[in-house]
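Worksheet for the structure shown next.
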Amino acid sequence: MAKKGEADVTGKEVKDSKEAKDVKKVEEAKSGFSPAGFTQGIKEELDKVVWPSRQQLISESLAVILMVTLSATVIYLVDNFFGWAARQVFLQ
């Protein structure tokens, strides 16, 4: 079956049915926006989060800092090497 926006075997473009769009609009209108519901949803989602322990947070932060430092050092050294090589070739 062709996806929305693509042509199917008969060459007709596949689109969502008008009825499905109408149902979505009605559902959205019924739900509306409620600040209390929004706040409740935020609380429910934050309750699902698995927060790292202090030790895990520290060790993973140090690992990230170390990897960024090593990557920056390697990029710096490679850049200096190619700069030196370019000066040797083009400034003689």
Of the criteria (1) surrounded by 10 or more Cβ atoms within 10 Å (Cβ to Cβ); (2) at pLDDT below 95; (3) under 25 Å from the mean Cα position of the chain (by Cα), which one residue 14 fails: (3)
Any hit, segment 22-44, residues being modelled with pLDDT under 95, surrounded by 10 or more Cβ atoms within 10 Å (Cβ to Cβ), outside any helix (DSSP H, G or I) and charged (D, E, K, R): no
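The values are calculated or read from the model by the stated rules, or taken from the named source; none is laboratory data. What you are looking at is a predicted structure, and each value in this text was computed from that prediction instead of being measured. With ideal geometry, Cβ positions are generated from the backbone for all residues, glycine too; neighbour counts draw on all protein chains shown.
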